[in-house]
Amino acid sequence: MLSERSERIFKRAKELIPGGVNSPVRAFGAVGGIPRMIAKAKGSRIFDVDGNEYIDFIGSWGPMILGHNYQPILDAVINTAQNGLSFGAATAIEVEMAELICSLVPSIDMVRMVNSGTEAVMSAVRAARGFTGRDKIIKFDGCYHGHSDAMLVKAGSGVMTSGVPDSAGVPKGCAEDTLTATYNNLESVQRLFEQHHNQIAAVIIEPVAANMGVVTPVDGFLQGLRRLCDEHGSLLIFDEVITGFRLGLTGAQGLYRVIPDLTTFGKIVGAGMPVGAYGGRREIMQMIAPVGKVYQAGTLSGNPVAMAAGICQLKILKETPEIYQHMNQLGDRLRKGLQTVVKGGQVTGIGSLSCLFFTDTLVTDGTTAKQSDTAAFAKYFNYMLENGCYFAPSQFEAIFLSNAHTQADVDCVLNLAEQYFKS
């Protein structure tokens, strides 16, 4: 496929933007080649500036669960924007959003809107510290919780992709209270609780780890975390930026029947617009200013246009449960089909989230995920891209399906994969 215009634009971008991109994984550093400059999208398809069409399996990293440019959401955005883009003042529509989220997620009594998943996590961690009066946080190797200083310790996603375990520019003091455990290993968490008795404010986790590829929790792991937090007076925070409203209306916590104290969401609550949210038990959320002493603010929080888009999407998901059935069936078809043809790898996932790891080692945590052959992934990625399938340019990201994807879309991937692994 021609990428002449994309190449020219990327060359200009590198002179003006660090790495030529505004988020690192977009630079194609882990897979080589030139990032495609996307011009438009519709349904399960995206189109680059050179006129190439691709089946999109990124979906803006998850929130386009109904497909790109879904007409009811587009209409909601246009209608709301006619009244103004931002007020920096209280609105009725943000109250409607709060009512909707609280009605859908049983663990949430109160919710605060923010502007990104990173901001949601940062704010939830601050709330947990304020509520407990403790400083230390347990996270898991390979789980990504945004780019705030304290969360860049052994993170997943783009940090894992680039091979940089942490980040320059993070003062030692910002990260010294972040403790790291092993995903799917309760003993590693227990040890940290014993070593730091009465010092741990919260355990934060992606209940399905979707930033080191896609790694599902083993039986009893999430339940064990709930028990440990209760025993030690710590809070349990579920980072559902990816799983929230994707694995079902109640997210991973509903699927696995584990109730966290706080939950974070990302742009899926804005149908892809720059939105985030965090919420949980009333007594914790009432620590947030202006009611309590934990300060958090944002001029664009609860932006009316983003709220309109998110309310539209969440209502459609609520009123149309067959959407989840459709996506889950496609996910099962994709995983079973890939596992049949793949050589030197394994396929993981749940529902509409999947990953093809280029390793024979069973992937259960960050360490085993990093045993994947990233060079083999890069070769596979570029083959699929040249043949019209747009996957995340990183071994350690998810394959996202949407309601707009069809069985034919999945079969296209399977046919191409069969040809690739036969050659």
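Counting only chymotrypsin sites (Phe, Trp or Tyr not before Pro) that DSSP places in a loop and that have at most 13 other Cβ atoms within 10 Å, the longest clean stretch of the chain runs over 88-294. With all protein chains in place and a 1.4 Å probe, the accessible surface of the chain carries 52 percent carbon and sulfur.
Eigen-decomposition of the gyration tensor built on the alpha-carbon atoms of the stretch 260-413 gives equivalent ellipsoid semi-axes of 36, 21, 15 angstrom, largest listed first.
Give the range of the longest stretch in the chain that excludes all trypsin sites (Lys or Arg not before Pro) found in loop regions by DSSP and having at most 16 other beta-carbon atoms within 10 Å. It works out to 1-256.
Just subtract the alpha-carbon distance of residue 15 and residue 343 from 0.36 nm times their residue separation and send over the number in nm, one decimal.
Values: separation 328, 0.36 × 328 = 118.08 nm, distance 4.03 nm.
Here the segment from residue 15 to residue 343 would lengthen by 114.1 nm.
Against the criterion of solvent-accessible heavy-atom surface with a 1.4 angstrom probe, 355, 102 sort, most first, into 102, 355. Compactness of the stretch 286-362 is given as radius of gyration and Dmax, 20.5, 57 Å, from Cα positions.
Considering only Cα atoms, the convex hull volume of the chain works out to 138 Å³ per residue.
Within the stretch 1-89, all pairs of alpha-carbon atoms sorted by distance into 5 Å bins from zero give the percentages 3, 12, 16, 19, 17, 14, 12, 5, 1, 0. Heavy-atom accessible surface of the chain, averaged per residue, reaches 42 Å², computed with a 1.4 Å probe. Our note on the geometry: Cα centres of the stretch 232-256 and the stretch 261-275, 12 Å apart.
Under 5 Å from the amide H of residue 140 lie the amide H atoms of 181, each residue being 5 or more positions distant or on a separate chain, with H modelled from the backbone and absent for Pro and chain starts.
By the combined test of axial Cα extent (at least 27 Å) and Kyte-Doolittle hydropathy (mean at least -1.0), the qualifying DSSP H helices of the chain come to 322-341.
The values are calculated or read from the model by the stated rules, or taken from the named source; none is laboratory data. As the structure is a prediction and not an experimental result, all values here were calculated from the model. Glycine gets a Cβ as well: all are built from the backbone with ideal geometry, and neighbour counts include every protein chain shown. Only protein heavy atoms, including side chains, enter the accessible area calculation; ligands, DNA and RNA are left aside. Shrake-Rupley method; radii C 1.70, N 1.55, O 1.52, S 1.80 Å.
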